[in-house]
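Peer 1: Before we start, here is the structure in question, set down as structure tokens.
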Amino acid sequence: MHYKLKRMHKIDYRRVRVSVQKNQKTNDLLQYLHSHHIAIYHLRSTKDALQFELARQHIGVLRKARSKYRVKLKLHYLTTDELLPKRLTTFISLLCLWLIPMLCNYWIWEIDVQATTPEEKFAIERLVQEEFAAPILKKSLPTDQEVREFIMQSFREYSWVHVAKVGSKMTIQPQLAPKNEVKENNDGYYHLIARNSGVITHFDIKSGERKVAPNTTVYKGDTLVSGLMVVGEKQLLIGAVGDVYADYWLESDFIIPLEVQYEIVTEEAWHITFANEGLPTEIKSLSLPDWLARYIRIAKIETREKVVETLTEEHIESRIMPLLHEKLSQSLPMKSRIKKENLLHIQFEGGKVKGKVLYLINENIAKPYPIH
């Protein structure tokens, strides 16, 4: 069985403006179009021509009429098939489409405060709006440290304020300090509470009852190890002693000069001299018996050279990050360690290198709290 397929033609209603030169055959052309049920729009007559519009799908009938009556006509397509017509309005629209988002990116349009209670959120929002209300130019916005200090000076109950800028939005998230204060305890029995927030990794305790499990998130002021042990219906006062280690993130800002000066050792050599002769810079001297040290000295001499270097992005991993790592390691308590470090951003401006690093630190967060 054969099936006859019919081709479906899409009707094209786009307009075409037709300009016909006036002569004796002009009326015959219009009559021809009327006889073929061709709709004509916006018919206008001038001194030399007759203008009207019709649908693009009727151009074939118009051309037959032109050949039959031998009239001169011009066609002007009011709409084209171009995706972006080459017009001034198209250029201006594309320029605005590119320029407006770029200009908006230089502004902070929204300041989001994430507080624990609606009252705290309203109070911080009112304080922030009085100081720097959105929208605000990013260049005029204070730094993260300045925003943090400004809020913590007005609200003493906060121990930390996290400030994050993503695109055109700034997020402020304050963290409350524990309300309980550590007081002297003459009995010497304590609980162990969290000094700051983090994720528990392991315990090193000598006495006490654990109140949290590893891989649990704790917050500042939470009880980690209790100094009271429940036996049946009684509570035994044993005291909590030991360390509780947790991972937590720490943001660190740094500003260092763009040009750094340091010394490098270019040459090393051992020198033997008499005891009464002076030596240049010596970094190591051999210990000799007393009877021999009165006559000679044996020391390592080094030659140093001063080098001035301008820091670039290539020096971030090799120079800047190890320096910051060592500086933070020296400021941490014993047995603490840095597990991970991420460079959030870095900026070279005004002869300075400014940046922010996020560290994952494992540290003993337990501190004693007296049992009263």
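The values are calculated or read from the model by the stated rules, or taken from the named source; none is laboratory data. Since the model is a prediction, treat every value here as computed from it, not as a measurement. Please note: Cβ atoms are built from the backbone with ideal geometry, for glycine as well, and neighbour counts cover all protein chains shown. Accessible surface is based on the protein model in full, side chains and every heavy atom, while ligands, DNA and RNA are left aside. Shrake-Rupley method; radii C 1.70, N 1.55, O 1.52, S 1.80 Å.
Peer 1: Return yes or no: is LYS183 charged (D, E, K, R), open to solvent by 40 Å² or more (accessible area, probe 1.4 Å) and modelled with pLDDT under 80? Steps first, answer last, please.
Peer 2: Details: charged (D, E, K, R): yes; open to solvent by 40 Å² or more (accessible area, probe 1.4 Å): yes; modelled with pLDDT under 80: yes.
Yes.
Peer 1: Here's a follow-up. Output the number of the condition that LYS306 fails; it satisfies all remaining conditions of (1) modelled with pLDDT of 75 or more; (2) surrounded by 11 or more Cβ atoms within 10 Å (Cβ to Cβ); (3) of a type outside the set (Val, Ile, Thr).
Peer 2: For LYS306, the failing item is (2).
Peer 1: The conditions are (1) modelled with pLDDT of 80 or more; (2) surrounded by 11 or more Cβ atoms within 10 Å (Cβ to Cβ); (3) of a type in the set (S, T, N, Q), and SER67 fails exactly one of them. Which is it?
Peer 2: (2)
Peer 1: Name every residue in the range 352-368 that is open to solvent by 50 Å² or more (accessible area, probe 1.4 Å) and within 21 Å of ILE238 (Cα to Cα), in order of residue number.
Peer 2: Looking only at the range 352-368, we keep the residues that are open to solvent by 50 Å² or more (accessible area, probe 1.4 Å), and these are 352, 354, 367-368.
Correct list: LYS367, PRO368.
Peer 1: When residues of the range 217-235 are filtered for being of a type in the set (S, T, N, Q), open to solvent by 50 Å² or more (accessible area, probe 1.4 Å) and touching a residue at least 12 places away in the same chain (Cβ under 8 Å), how many remain? Working first, answer last.
Peer 2: In the first step, residues of the range 217-235 are kept if they are of a type in the set (S, T, N, Q); the result is 217, 223, 226, 235.
So of that shortlist, the ones also open to solvent by 50 Å² or more (accessible area, probe 1.4 Å) come out as 217, 223, 235.
Restricting the remaining residues to those that are touching a residue at least 12 places away in the same chain (Cβ under 8 Å) gives 217, 223.
The number of residues fulfilling the criteria is 2.
Peer 1: Quick one: which strands (runs of 3 or more DSSP E) lie wholly within the range 221-284 and hold at least 3 residues that are modelled with pLDDT under 80? Give the steps one after another, and end with the answer.
Peer 2: On the way: elements: 223-226, 228-231, 234-237, 241-257, 259-274.
Ranges flagged: 259-274.
Peer 1: Also, quick follow-up: Find the residue count for the range 21-73, including only residues that are in contact (Cβ under 8 Å) with a residue 40 or more places away in the chain and in contact with a strand residue (DSSP E or B) (Cβ under 9 Å, 6 or more places away or on another chain). Reasoning before the result, please.
Peer 2: Of the residues in the range 21-73, the ones in contact (Cβ under 8 Å) with a residue 40 or more places away in the chain are 21, 23, 25-26, 28-29, 55-57, 59, 62, 69-73.
Filter again for in contact with a strand residue (DSSP E or B) (Cβ under 9 Å, 6 or more places away or on another chain), leaving 21, 26, 29, 55-56, 59, 62, 71-73.
Count: 10.
Peer 1: Would you check which residues across the range 135-154 are out of contact with any Ser or Thr (no Cβ under 9 Å at 6 or more places or on another chain) and outside any helix (DSSP H, G or I) and list them? Break it down into steps so the answer makes sense when it comes.
Peer 2: Here is the first cut: in the range 135-154, the residues out of contact with any Ser or Thr (no Cβ under 9 Å at 6 or more places or on another chain) are 136-137, 139-151, 153-154.
Across the range 135-154, the qualifying residues are ILE136, LEU137, LEU141, PRO142, THR143.
Peer 1: Kindly indicate the residue of the range 18-32 that is open to solvent by less than 80 Å² (accessible area, probe 1.4 Å) and either in a strand (DSSP E or B) or touching a His at 6+ places or on another chain (Cβ under 8 Å) (or both) and also nearest to LYS68 (Cα to Cα) among those meeting that condition. First the steps, then the outcome.
Peer 2: If we filter the range 18-32 for residues that are open to solvent by less than 80 Å² (accessible area, probe 1.4 Å), which is where we start, we get 18-20, 23, 26, 28-30, 32.
With the extra rule that they be either in a strand (DSSP E or B) or touching a His at 6+ places or on another chain (Cβ under 8 Å) (or both), the set shrinks to 18-20.
Details: VAL18: 17, SER19: 17, VAL20: 14 Å.
Across the range 18-32, the extreme among qualifying residues is VAL20.
Peer 1: Please state which one of ILE59, ILE111 is part of a strand (DSSP E or B) and either among the aliphatic types (A, V, I, L, M) or under 21 Å from SER168 (Cα atoms) (or both). Let's see the steps before the verdict.
Peer 2: Values: ILE59 fails: part of a strand (DSSP E or B).
Just a single option satisfies the conditions, and that option is ILE111.
Peer 1: In the set ILE238, ILE205, ILE264, ILE255, which member is β-branched (Val, Ile, Thr), open to solvent by 40 Å² or more (accessible area, probe 1.4 Å), touching a residue at least 24 places away in the same chain (Cβ under 8 Å) and closer than 30 Å to LYS300 by Cα? Explain how you work it out, then say what you get.
Peer 2: Working: ILE238 fails: closer than 30 Å to LYS300 by Cα; ILE205 fails: closer than 30 Å to LYS300 by Cα; ILE255 fails: closer than 30 Å to LYS300 by Cα.
Step by step, each of ILE238, ILE205, ILE264, ILE255 is checked, and only ILE264 is β-branched (Val, Ile, Thr), open to solvent by 40 Å² or more (accessible area, probe 1.4 Å), touching a residue at least 24 places away in the same chain (Cβ under 8 Å) and closer than 30 Å to LYS300 by Cα.
Peer 1: I'm trying to understand the selection: among the residues of the range 70-92, which are in a helix (DSSP H, G or I) and either closer than 20 Å to VAL16 by Cα or modelled with pLDDT under 80 (or both)? Quick ask: steps written out before the conclusion?
Peer 2: Within the range 70-92, the subset in a helix (DSSP H, G or I) is 88-92.
The answer is LEU88, THR89, THR90, PHE91.
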